[in-house]
Structures are given as C-alpha cells and as structure tokens.
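The values are calculated or read from the model by the stated rules, or taken from the named source; none is laboratory data. Since this is a predicted model, take the numbers as computed values, not measurements. Positions of Cβ are backbone-derived with ideal geometry, glycine not excepted, and every protein chain shown enters the neighbour counts.
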Amino acid sequence: MVTLSCPVRGCTRALERLERTLRCEVGHSHDLTRRGYVNLLQPQDKKSLDPGDRREAVEARRRTAEAGRTRELITALGDVLAPWFSSGGALLDVGAGDGFILDALASRLGAEGIGVDLSREAIDLAARSYPKLGWVIANGDRRLPFMDGSFRALVTVTGPKNAAEYWRLLEPNGVLIVAVSGPDDQAELRELVLGAAHVADRSGRMLELFGEQFDWVETREARQVEVLDKAALRDLLDGAYRGVRHGARQRFDAVDTMPVTLSHSLVVFKPRKLTAPATPKLSR
Ligand SMILES: C[S@@+](CC[C@H](N)C(=O)[O-])C[C@H]1O[C@@H](n2cnc3c(N)ncnc32)[C@H](O)[C@@H]1O
Ligand SMILES: [Zn+2]
C-alpha cells in the first residue's frame, strides 16, 4: 500500500489512517471526504488563478473517453507498462482528470492505482466512479504527498511535468511515461476553430525537461482517426480549449460531422541512478 506523506509545510512524515482521518505522528490531521478522497492541497500549494479543470471540461473529457476516443492511448500506455507489473506495484497518474485512463490501466495491470489532480471537480468525479482506486487533490507542480520511492510507474497524460519530484517518487527501477499531444492531435478541429492545424512537436522538449534525472527509453505514438458528430466535436472543444472566438464559433456551427485525428506521443523514461537528489528543495 502506498503511504501518503504529510503535506504541512516542512513536515513530510508518513500519514497513518485512523477511520476517516489521516494523521502524522506530530498530529497534523487531514480528513477523508465522504467520497473517499483526500484534499491535501495546502495554502502554499494553491494557485490562485488556476484551480485545475472546470467541471464542464472534466465531464466533456469523460464523455470523450467513454466513447472510446482514448482507446489507442490507453492500449499504448498499458503495453509500455505491462512488463513492470508482473508482480503488483503501484501506479501514479499526475493530472489524472476524471480517472478514466488510470482505471483502465490499473485494471489491466493489476496495479494499485493512485490519481492526483489539482481540480476538485475532477477528483470528485473520479472518486465517485472508481472508488477502489486512491484519489488525492494536490498540486503536481509542487511537492507531492507521497513517501520516496512509492511507485513502480508514474504517468502524466498532458498533465504537470515535475521531473525532480517524479524521480523522488519512483522506485529506482521504475518507469515514467510523459504523454503529450501529438503534432497532429485534433488538427482538423484546430484548423476549423483556430485556423492553424499543426502544433510544434512537444516530445523533444520533454527530453530537455526530464533529461537531468531520467534516461530516455523510447517514444511511441498512439493515434486514431474518428468521424465525429456535433456533440462529440463539442466535447473535444470543451475538453481542450477555454472558449472559442465568435468567428470560429460560426465556422464550428456550420459543420455537422468531420473526421478528427486524436494523437499522443508517449515519451518513456527510466530514472537515472543519481547519487544526490537533483533538486534538494523537492526531495526531502
Ligand atoms: C488536459 S487535462 C488531462 C486529464 C487526463 N490526464 C486525461 O488525459 O484525460 C489536464 C489535467 O491536469 C490537471 N492539472 C493542471 N495543473 C495541475 C497541477 N499543477 N497539479 C495537478 N493537476 C493539474 C487539470 O485539472 C486536468 O485534470
Ligand atoms: Zn505532519
């Protein structure tokens, strides 16, 4: 079982569960909500302007996933992770959103699945839908509330990219997958509403961000093309973009169905054997 670590500034002691409360040995206590998740966000971890995704975005992404549109992504993630889970182990998803992807992976791998997100709406929906998994509200850009070396594998799918902290949380022989949108992800939709189809390849940037603490293993593509109706297109828009300008809205309204590419690049890393913590500030 993964042990949570106390998020009170400078504490980091292990948390023990006593009924509906998690408590460290000096007495800081954190209540489990009635839905079974815990909010470990501390005042210093809050981002005043960005509480994570809004409910509409979370629900739109859930509908997209339920319609099978993350199928290739989930298969590719599971294929990479499978060799690491022949004998149990824990899997952390940072920026887990509504939890659909983590639930699918944990079931396939027989892993203990723990999901973290900054959004209360996301974690609330995740905990309601998948009560057997562990759900925590925390800021993935700061210290995460788990003890060192707790996880066999860590995934982040278009979520926070906190290299030093991910290194601290992984077992020495663990694996990290950073999934980013592929250059042609939703290209048709982006062309329609933003007027520009392709975005820069982000996978190279991941090598820069993670290269200090991790060795690159491979990069895999996961791609599917789906003909989407209006409701499905709207869900993609609501899940990805925070509002569409007026002219774009008119172009969008004129379309009934269209094929859309859904693609991710999975950048796979192994923790480097470091003698000293890469970023002491985050590694206590
Ligand atoms: C684009 S969504 C992806 C959700 C999910 N991984 C998926 O692919 O369906 C990004 C998620 O990261 C969360 N997020 C953003 N910043 C975060 C942070 N600093 N810490 C934790 N989660 C964060 C958002 O609330 C949102 O749920
Ligand atoms: Zn404490």
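Sort out which residues of segment 41-59 are at pLDDT 90 or above, assigned to a helix (DSSP H, G or I) and either within 17 Å of the chain's Cα centre (by Cα) or of a type in the set (S, T, N, Q) (or both), and write them in order of number.
Arg55, Ala57, Val58, Glu59
Have a look at Arg71, Arg17 and point out the one that is away from ligand 2 (no atom under 16 Å from the Cβ) and over 20 Å from Arg152 (Cα atoms).
Working: Arg17 fails: away from ligand 2 (no atom under 16 Å from the Cβ).
That would be Arg71, the only listed residue that is away from ligand 2 (no atom under 16 Å from the Cβ) and over 20 Å from Arg152 (Cα atoms).
How many of the residues making up segment 20-34 are exposed (fewer than 14 other Cβ atoms within 10 Å of the Cβ) and away from ligand 2 (no atom under 13 Å from the Cβ)?
Going through segment 20-34 one residue at a time, the tally reaches 3.
Quick check on Ala82: is it outside any strand (DSSP E or B), surrounded by fewer than 19 Cβ atoms within 10 Å (Cβ to Cβ), in contact (Cβ under 8 Å) with a residue 12 or more places away in the chain and aliphatic (A, V, I, L, M)? I'd like the intermediate steps shown before the answer.
Details: outside any strand (DSSP E or B): yes; surrounded by fewer than 19 Cβ atoms within 10 Å (Cβ to Cβ): yes; in contact (Cβ under 8 Å) with a residue 12 or more places away in the chain: yes; aliphatic (A, V, I, L, M): yes.
Yes: the conditions hold for Ala82.
Please pick out the residue among Leu18, Leu102, Leu22 that is closer than 20 Å to Lys132 by Cα and modelled with pLDDT under 95.
The unique qualifying residue is Leu18.
Considering only residues of segment 107-125 that are farther than 19 Å from Arg34 by Cα and surrounded by fewer than 23 Cβ atoms within 10 Å (Cβ to Cβ), which is nearest to ligand 2 (Cβ to nearest atom)?
Going residue by residue through segment 107-125, those that are farther than 19 Å from Arg34 by Cα are 107-113.
From the residues that got through so far, the ones that are surrounded by fewer than 23 Cβ atoms within 10 Å (Cβ to Cβ) too are 107-112.
Working: Ser107: 33, Arg108: 35, Leu109: 32, Gly110: 32, Ala111: 27, Glu112: 23 Å.
So, considering only residues that are farther than 19 Å from Arg34 by Cα and surrounded by fewer than 23 Cβ atoms within 10 Å (Cβ to Cβ), the one nearest to ligand 2 (Cβ to nearest atom) is Glu112.
Exactly one condition in (1) more than 20 Å from the chain's Cα centre (by Cα); (2) without any contact (Cβ under 8 Å) to a residue 60 or more places away in the chain; (3) within 15 Å of ligand 2 (Cβ to nearest atom) is not met by Cys6; state its number.
The single condition Cys6 does not satisfy is (2).
Name the single residue that is farthest from ligand 2 (Cβ to nearest atom) among those in segment 140-149 being in contact with a strand residue (DSSP E or B) (Cβ under 6 Å, 6 or more places away or on another chain) and more than 20 Å from Ala57 (Cα to Cα).
From segment 140-149, those in contact with a strand residue (DSSP E or B) (Cβ under 6 Å, 6 or more places away or on another chain) are 140, 145-147, 149; that's our starting set.
Now narrow it down to the ones that are more than 20 Å from Ala57 (Cα to Cα): 145-147, 149.
On the way: Pro145: 10, Phe146: 14, Met147: 13, Gly149: 20 Å.
Among residues in segment 140-149 that are in contact with a strand residue (DSSP E or B) (Cβ under 6 Å, 6 or more places away or on another chain) and more than 20 Å from Ala57 (Cα to Cα), the one farthest from ligand 2 (Cβ to nearest atom) is Gly149.
May I ask you to list pairs of residues, at least six apart or on different chains, whose Cβ atoms are under 9 Å apart, with the first in segment 10-36 being in a loop (DSSP other than H, G, I, E, B) and the second being within 14 Å of ligand 2 (Cβ to nearest atom) and among the small types (Gly, Ala, Ser)?
Matching pairs, first to second residue: Cys11/Ser5; Thr12/Ser5; Arg13/Ser5; Leu15/Ser5; Leu15/Ser29; Cys24/Ser5; Cys24/Ala14; Glu25/Ala14.
Might you let me know whether segment 46-53 holds any residue that is surrounded by fewer than 16 Cβ atoms within 10 Å (Cβ to Cβ), of a type in the set (A, V, I, L, M) and within 14 Å of ligand 1 (Cβ to nearest atom)? Can you show your working first?
Let us first name the residues in segment 46-53 that are surrounded by fewer than 16 Cβ atoms within 10 Å (Cβ to Cβ), namely 46-51.
Keeping just the survivors that are of a type in the set (A, V, I, L, M) gives 49.
Filter once more, keeping what is within 14 Å of ligand 1 (Cβ to nearest atom): 49.
Checked against the condition, which is being surrounded by fewer than 16 Cβ atoms within 10 Å (Cβ to Cβ), of a type in the set (A, V, I, L, M) and within 14 Å of ligand 1 (Cβ to nearest atom), segment 46-53 yields at least one hit.
Using the structure shown, decide if Leu237 is surrounded by 15 or more Cβ atoms within 10 Å (Cβ to Cβ) and out of contact with any Ser or Thr (no Cβ under 7 Å at 6 or more places or on another chain).
Spelling it out, Leu237 is indeed surrounded by 15 or more Cβ atoms within 10 Å (Cβ to Cβ) and out of contact with any Ser or Thr (no Cβ under 7 Å at 6 or more places or on another chain).
Would you list the strands (runs of 3 or more DSSP E) that sit entirely within segment 86-205 and hold 2 or more residues that are farther than 22 Å from Val217 by Cα?
Details: elements: 90-94, 112-117, 134-137, 151-157, 170-181.
By residue number, 112-117, 134-137.
If Arg62 passes every condition in (1) surrounded by fewer than 13 Cβ atoms within 10 Å (Cβ to Cβ); (2) away from ligand 2 (no atom under 16 Å from the Cβ); (3) not aliphatic (A, V, I, L, M) but one, which one does it miss?
For Arg62, the exception is condition (1).
Table: residues versus (1) surrounded by fewer than 21 Cβ atoms within 10 Å (Cβ to Cβ); (2) closer than 22 Å to Gly89 by Cβ; (3) of a type in the set (A, V, I, L, M); (4) in contact (Cβ under 8 Å) with a residue 60 or more places away in the chain.
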position: Tyr166; (1), (2), (3), (4): no, yes, no, yes
position: Leu170; (1), (2), (3), (4): no, yes, yes, yes
position: Leu176; (1), (2), (3), (4): no, yes, yes, yes
position: Ser181; (1), (2), (3), (4): yes, no, no, yes
position: Gln186; (1), (2), (3), (4): no, no, no, yes
position: Leu194; (1), (2), (3), (4): yes, no, yes, no
position: Ala197; (1), (2), (3), (4): yes, no, yes, no
position: Asp201; (1), (2), (3), (4): yes, no, no, yes
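From Gly78, Gly68, Gly36, Gly88, grab the single residue that is at pLDDT below 95, small (Gly, Ala, Ser) and under 27 Å from His264 (Cα atoms). Walk me through how you get there before you give the answer.
Values: Gly78 fails: at pLDDT below 95; Gly68 fails: at pLDDT below 95; Gly36 fails: under 27 Å from His264 (Cα atoms).
So the residue among Gly78, Gly68, Gly36, Gly88 that is at pLDDT below 95, small (Gly, Ala, Ser) and under 27 Å from His264 (Cα atoms) is Gly88.
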